[in-house]
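Values quoted throughout were computed directly from the atomic coordinates according to the rules given, and no laboratory measurement underlies them. Keep in mind that this is a model prediction, so the values were computed, not measured. Cβ placement follows ideal geometry from the backbone for every residue including glycine, while neighbour counts extend to all protein chains displayed.
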Amino acid sequence: MTLHNWYMIAAIGMIITAMLTPWFMTLPLARYGRHKLATARWEMPLPTRWAWMVMEAPASLVFALIFLLGDRSTAIVPLIFFLMWQLHYFDRAFLYPLRIRARPGQTESGAIVGSAILFNSWNAFLNAGVIGYSMIGQIYAISWLSDPRFWIGAVVFFSGLYINRKADHMLKALRAPGDSVYKIPRGWLYERITSPNYLGEIIQWTGWAIATWSLGGVAFAIFTAANLVPRAIQHHRWYHEQFPDYPKDRNIILPGVY
Ligand code: NDP
C-alpha cells in the first residue's frame, strides 16, 4: 500500500469515527472535567494537569517528528503550516495545563487519556503527512501563498485561535487558585453563547481545512465539531441545572442560531 492509500484510509476513518462521536460522548467513560463525578481506581486516574500534558503531547511531538521526516519539511509553505499547528498544539500540550485552575484532587480517567493519545497520533499522521510528504499528493509550492484559499483559511484559523484562547482565559479567571467553584461566565461572547471556547476551536480547524485544502484537514474539522457540539450541549444543560438564574436567552454554541 502506498502512503497516499494509508492517508486516505486514515482520513475516511476519522470522518466515520466523527459520525459515532456524538453517541460516544453520552457514555460515562467519555466524561471528563465537570461531568466526571468520580474516577474509579481501575480507570487509572491521572491528575488533571498531567492528563492534559500526556494526552496532548503527541499532537505536538508526534506531529513534529512525522513532519520533520518528510521530504517537504524545509519548504516555506509547509513550514508556515507547521508553525500554525504548533502555535496551537505546543501551547495546548505544555502551557495550557500549567494555566488551568484544576480543582484540588481533580483527576481524569486513563481511558480518556489513552484514547486521546491514540487520536492525537492518528491526527498527527494525517495532518503532518499532508503538509510534509509529496507522496501523499499535495505539494504546497510557494505559489500557494498567493492562493485565496490560503489567506481565507489563515484568517479563519487565527480568528478561531483568538476566540478559543480568550474564551479559555475568561473561564480560568472565574476560579481562584486552589478553589473548586463554578460561576456563570459573563461578558464578551459569553453573553451570547455557553461555549465560545468550543466555537473558536471549531472555527480554527475549519480555517486549517480551508488553508490546507486537504481531506485530512476536513476530517479533523468534522471530528472537532462532532466532539465539541455534544459537549457544549452537556455544558448548557449543566449550567441550567446548577444555576436557576442562568441567562435564558444564551444560545449553546452559535450566537442567535443554536
Ligand atoms: P471546559 O470549558 O469544560 O473547561 C475549561 C477549563 O475551565 C477547565 O479547567 C474547567 O474546570 C474550567 N471552567 C469551565 N467552566 C467554568 C466555570 N463556569 N467556572 C469555573 N471554571 C470553569 O473545556 P474543556 O476542558 O473541554 O476543553 C479545554 C480546551 O480544549 C478548550 O479550548 C477546547 O476547545 C479544547 N478541546 C478541543 C478538542 C478537540 O476536539 N479539538 C476536544 C476537547 C477540548 P473543570 O475541569 O473543573 O470543569
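Between I100 and I12, the modelled label-to-label distance comes to 3.5 nm, taking each label 7 Å out from Cα in the direction of the beta carbon.
Between amide H atoms placed 1.01 Å from N, distances below 5 Å from N251 occur with I193, T194, G256, all of them 5 or more places distant or on a separate chain. For the chain, the longest principal axis of the Cα atoms and the long axis of helix 48-69 meet at an angle of about 10 degrees. Its DSSP H runs of at least 4 residues, each contributing -39,500 (n - 2.57), put the calculated 222 nm mean residue ellipticity of the chain at -20500 deg cm²/dmol, to the nearest 500. Arranged from fewest to most other beta-carbon atoms within 10 Å of their beta carbon, V181, V130 become V181, V130.
So what is log10(I(q)/I(0)) for the chain at q = 0.16 1/Å, when the Debye sum runs over its Cα atoms only? Ignoring solvent entirely, the Cα scatterers give -1.29.
For the chain, the longest principal axis of the alpha carbon atoms and the long axis of helix 76-90 meet at an angle near 20°.
Relative to the dominant Cα principal axis of the chain, helix 196-212 is inclined by about 10°. Measuring between their Cα centroids, the range 38-77 and the range 221-249 lie 26 Å from each other. When the charge dipole of the chain is built from unit charges on Cβ atoms (+1 for Lys and Arg, -1 for Asp and Glu) and taken about the Cα centre, the candidate among T212, L174, I163 whose Cα reaches farthest toward its positive end is L174. Taking the number of Cβ atoms within 10 Å of each Cβ as an exposure proxy, the fewest-first ranking of T194, T107 is T107, T194.
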